[in-house]
Each structure stands twice: as structure tokens, then as C-alpha cells.
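A.B. asks: Pasting a structure below so you can have a look.
Please treat every number below as a calculation from the coordinates, not as lab data. Just so you know, these numbers come straight off a predicted model, no measurement behind them. Cβ placement follows ideal geometry from the backbone for every residue including glycine, while neighbour counts extend to all protein chains displayed.
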Amino acid sequence: QKEVEQNSGPLSVPEGAIASLNCTYSDRGSQSFFWYRQYSGKSPELIMSIYSNGDKEDGRFTAQLNKASQYVSLLIRDSQPSDSATYLCAVWSQGNQFYFGTGTSLTVIP
Amino acid sequence: EPEVTQTPSHQVTQMGQEVILRCVPISNHLYFYWYRQILGQKVEFLVSFYNNEISEKSEIFDDQFSVERPDGSNFTLKIRSTKLEDSAMYFCASSVRQAGEQYFGPGTRLTVT
């Protein structure tokens with residue numbers, strides 16, 4: 001069973017702070033990694049993809065990938081109340097399936 | 001901006017009935033997927049579809065499930081004989097390439113009574 005693990009939270013940060021979300025995965029052969037945001041009752045919304053080791057920045061979001069440690073993270077800078085949601089880590093495995101973690105609930109406090 | 005659409009938004013059915021959930025993927029996408037999310041649980045992969053055939057399916061996708069691309073735009077998920085435990089949100093997604101970024105539709109909430 002391919003596993004994607006996330007701390008379920010809840011994670012609370014004050015407005016303007018950096019939120020740090022973490023994810024580990026079990027399939028060492030995985031090549032594609034994604035972060036989605038899901039508001040309650042809504043569908044997953046793609047935030048970022050990352051395929052290579054290192055950092056990838058897009059606006060206030062930075063994804064970090066370390067394949068040796070089988071670890072993916074998402075940093076959200078200058079957190080806003082509208083960032084309050086559940087953040088899903090997703091991994092495309094060698095078995096050609098897409099595995100989601102259970103998600104980390106983030107609350108940004110005004 | 002192109003988006004994945006799904007109909008209906010909510011479907012209520014009785015146990016044992018057949019349901020068909022419909023999706024229109026993004027027009028230039030070639031890979032199509034179905035996922036389900038039981039309330040309070042994680043999103044689970046059901047099936048992927050490419051070039052008019054299933055390319056991968058999970059253990060959840062048993063004989064009561066089937067998928068079809070009946071025309072150039074629609075992609076459907078059929079559940080032949082629904083069970084109470086099929087109650088969930090069903091999401092369709094599409095991508096340009098395999099292992100690429102997937103874009104999700106708004107989902108269909110299926111309630112089996």
C-alpha cells in the first residue's frame with residue numbers, strides 16, 4: 001500500500017506569518033508531487049506541482065522536495081485568513097496511481 | 001479559464017439502483033480520472049482512463065463500477081447496484097499528460113438511502 005502521510009493538524013498561525021505543511025511518502029520511485037487546497041465541501045484545487053529536488057516558488061507559496069528523505073513540504077508566506085483550508089499532499093506513484101494524504105487543516109487567525 | 005464540469009451536483013438514489021455520474025473534462029486533456037471522498041476521509045483514486053480504455057484502477061473499482069467516454073466530450077462513471085457505503089463525493093479530474101497536474105471538477109455528492 002502506497003502511503004502519503006500528513007499531520008492532520010489543526011495548524012493555527014497568525015495572519016502574516018509563515019505556515020509550514022509537511023508530507024512524507026512511502027513509494028521511493030514516485031516522481032510527481034502536488035499540493036492541493038480543499039475548502040470544506042469543495043473539490044481539491046491545485047496549488048503547485050514539483051518534480052525535482054529543491055525548492056519551487058510561486059507567489060506566496062514555496063514547495064520543497066527531498067526525494068532522498070521522501071519528504072515534501074509547502075510553505076505559505078504572509079498567510080491570509082482566506083488561506084484557511086485543508087491542504088492535501090498528493091503523489092503520483094510508480095504504479096500509476098495518484099495517492100492523497102489525509103490533509104492538514106490550516107487556520108489563519110486575523 | 002477552462003474547467004472540469006460535473007453533473008449532477010447531488011444525486012440521491014436507493015440502494016440497489018444504478019447511477020451514472022457525468023463529467024466533461026478540459027477539452028485538450030487526454031487523461032481522465034475518477035476519485036471518491038467519503039465524508040471526513042481522504043480523497044481516494046478509483047480509475048484512470050486514456051485513449052478510450054482504463055489505464056489503471058484501484059481495489060475500490062470493482063465489478064460494480066464502469067467508466068465510459070460515450071462521445072468526444074463526456075466521461076461517465078456508472079455504479080451498477082449502489083450500496084449504502086457508496087455514499088460519498090465523487091470527483092472527476094483530467095490532465096494533459098500522465099503523472100501531470102490534475103484539475104478537479106466540483107464533484108457530485110452521491111447519497112444512497
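A.B. asks: Please enumerate the residues belonging to segment B:45-87 that are assigned to a strand (DSSP E or B), under 19 Å from A:Ala90 (Cβ atoms) and within 11 Å of the chain's Cα centre (by Cα).
C.D. replies: B:Phe45, B:Leu46, B:Val47, B:Ser48, B:Phe49
A.B. asks: Another one. Among the numbered conditions (1) at positive phi; (2) within 12 Å of another protein chain (Cβ to nearest Cβ), tell me where B:Tyr31 comes up short.
C.D. replies: (1)
A.B. asks: Next question, about the same structure. Among the residues of segment B:51-96, write down those that are loosely packed, with under 11 Cβ neighbours inside 10 Å and either over 12 Å from B:Leu30 (Cα atoms) or within 13 Å of chain A (Cβ to nearest Cβ) (or both).
C.D. replies: Hits for segment B:51-96 are B:Glu59, B:Asp62, B:Asp63, B:Pro70, B:Asp71, B:Leu84, B:Glu85.
A.B. asks: Quick test of your reading of the structure: A:Asp55 fulfils all but one of (1) outside any loop (DSSP other than H, G, I, E, B); (2) within 14 Å of chain B (Cβ to nearest Cβ); (3) free of Cβ contacts under 8 Å to residues at least 12 places away in the same chain. Name the failing condition by number.
C.D. replies: Unmet condition: (2).
A.B. asks: Output the residue which, of all residues in segment A:92-110 that are within 10 Å of chain B (Cβ to nearest Cβ) and in contact with a Phe, Trp or Tyr (Cβ under 9 Å, 6 or more places away or on another chain), is farthest from B:Trp34 (Cα to Cα).
C.D. replies: By that ranking, first place goes to A:Gly103.
A.B. asks: For segment A:5-46, list the strands (runs of 3 or more DSSP E) that sit wholly inside it and hold at least 2 residues that are away from chain B (no Cβ under 14 Å) and not acidic (Asp, Glu); which are they?
C.D. replies: Once the strands (runs of 3 or more DSSP E) in segment A:5-46 are filtered for at least 2 residues that are away from chain B (no Cβ under 14 Å) and not acidic (Asp, Glu), what remains is A:11-14, A:19-25.
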